[in-house]
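In what follows, a single structure is set out as structure tokens and then discussed.
The values are calculated or read from the model by the stated rules, or taken from the named source; none is laboratory data. None of the values given here were measured: they were computed from a predicted structure. Counting neighbours? That spans all protein chains shown, and the Cβs are built from the backbone with ideal geometry, glycine included. SASA here: full protein model, heavy atoms, side chains in, ligands and nucleic acids out. Shrake-Rupley method; radii C 1.70, N 1.55, O 1.52, S 1.80 Å.
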Amino acid sequence: MNGATRPARERIQRTLLLAVGIGAIVFGALLAGGASGFLAQIDQLYAPLGILTVVVGVVIPALYTVLSRLLPIRPLLLIAGVTSLVFMAIQIAWPLMMKEPLLADDGTPWTQGINAIHATAAAIAWPRIMGWVYPLVQGPVVAVTQMQVRDDAALEATLDGMGAIIYCLILCGVSIAMIAAGDRQDTAAAHAREQAALEASRRTREAEQSRINAIVHDDVMSVLLAASRPSPPDSLADQARHAITSVESLVSGRTETRDYDPEEFVAVVRSTAATVDSAIPVRYAVDGAAPMPAGVVAAFAEATAEALRNALGHGGPDSDPRVECDVDDAAARVVIADQGQGFSATRVSQRRLGIRVSILERMRTVTGGDAEVSSTPGVGTTVILSWSRA
């Protein structure tokens, strides 16, 4: 999972731990020297406890700069959470790890200079309550530890304890607020995905309803109208079988899913035109070899057939419909034009399914598909079917 697909909470946690790692490197460098630095205090602790304090206090947190980019979030948070607890245990047990009762040169435990780093890690890794408890515990831990390892330092230890609480609370509060913001973003994203799924489901139902309407209008009604004529056409039996096949595929849910290459797409368009009337001329141009989804090809075929049936059925005997088909790697376009009687769009009833459902909505049910119908009374009609690859 890359950064773009991770939940917002996880991205924020990783970023915060990266910042903790950088902070550990900076504080580690600052706390190396001096009477209260770890280089001077390692030998004042029983071996190998002095080295352990440096590994837990500085080395492991510094590794968050790398681990935040490499590890899955669960083991990353586990390492950070356990390390923060072990650091707390080191703070509490510090007096017991010392060889002498007091630190040399009136020093203070070096771990008290880096406790905010581990408090922040605890706020990131553990539940929210831990992010508030850990800083509050720092006050008495810092104060009591200092009183045990320094001579006559009660007031200064108390002030250091209060300062530790304030400093740690600020960093932990900021971390908790950022993680909470990530949670809200994740919640909003989940809600958006849910709404998108519902909208997609709705659109799918509408598309299926449009397909049902188109099949009923294009196939079933065409057969019934042809059969009602005094002299049914010779192709009536073939049309009836095609209508039955369409209804059966609709009931069973079987649809063709293979892709079509451009040449096959052109063949489908030419075959569709020939099925309506073998005299309809088809001009085509192919530039490319990218395949087209079967659903797109089916939409073109159904809309083209309906446009040609309209041209022949309503355009008059001199409509002379023609088809132009252009396809390349980026898009496909089919134009059905005639010189018939034309019509006024304002006078077409909304109950007429031919244009609205079988042409416009049929093309718009496929991703990237669109259709446009323009007509002028006495001049003719032009239907433009188009599809652009996503």
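General observations
- As for region 288-297, it holds at least one residue that is open to solvent by less than 40 Å² (accessible area, probe 1.4 Å) and assigned to a strand (DSSP E or B).
- Any pair with Cβ under 7 angstrom, 6 or more apart, that starts in region 366-390 at a residue that is at positive phi and ends at one that is small (Gly, Ala, Ser) and surrounded by 13 or more Cβ atoms within 10 Å (Cβ to Cβ): Gly378/Gly342; Gly380/Ala337; Gly380/Gly340; Gly380/Gly342
- Of Leu78, Leu45, all but one fail to be in contact with a helix residue (DSSP H, G or I) (Cβ under 8 Å, 6 or more places away or on another chain) and farther than 28 Å from Gly173 by Cβ; the exception is Leu45.
- Of the helices (runs of 4 or more DSSP H) lying entirely inside region 9-115, those containing at least 3 residues that are of a type in the set (Val, Ile, Thr) are 49-54, 73-97.
- Residues (in a strand (DSSP E or B), out of contact with any helix residue (DSSP H, G or I) (no Cβ under 8 Å at 6 or more places or on another chain) and farther than 18 Å from Gly378 by Cα) located in region 302-341: Glu324, Asp326, Ala331, Arg333, Val335
- Tallying residues that are at pLDDT 85 or above and among the aliphatic types (A, V, I, L, M) within region 325-358 yields 8.
- Screening the candidates Gly139, Gly131 for the property of being at pLDDT below 90 and in a helix (DSSP H, G or I) yields one hit, Gly131.
- Pick from region 362-386, criterion buried (at least 19 other Cβ atoms within 10 Å of the Cβ) and closer than 13 Å to Ala311 by Cα, ranking: modelled with the lowest pLDDT: Ser375
- Residues that are part of a loop (DSSP other than H, G, I, E, B) and touching a helix residue (DSSP H, G or I) at 6+ places or on another chain (Cβ under 7 Å) were ranked within region 274-287; the one that is most open to solvent (accessible area, probe 1.4 Å) is Asp277.
- For Ile359, the stated conditions hold: it is in a helix (DSSP H, G or I), touching a residue at least 12 places away in the same chain (Cβ under 8 Å) and open to solvent by less than 10 Å² (accessible area, probe 1.4 Å).
- Residues being crowded, with 17+ Cβ neighbours inside 10 Å and closer than 15 Å to Thr111 by Cβ - total across region 149-191: 7
- Failed criterion for Gly81 (all others in (1) surrounded by fewer than 19 Cβ atoms within 10 Å (Cβ to Cβ); (2) out of contact with any Phe, Trp or Tyr (no Cβ under 7 Å at 6 or more places or on another chain); (3) closer than 21 Å to Ile179 by Cα; (4) among the small types (Gly, Ala, Ser) hold): (2)
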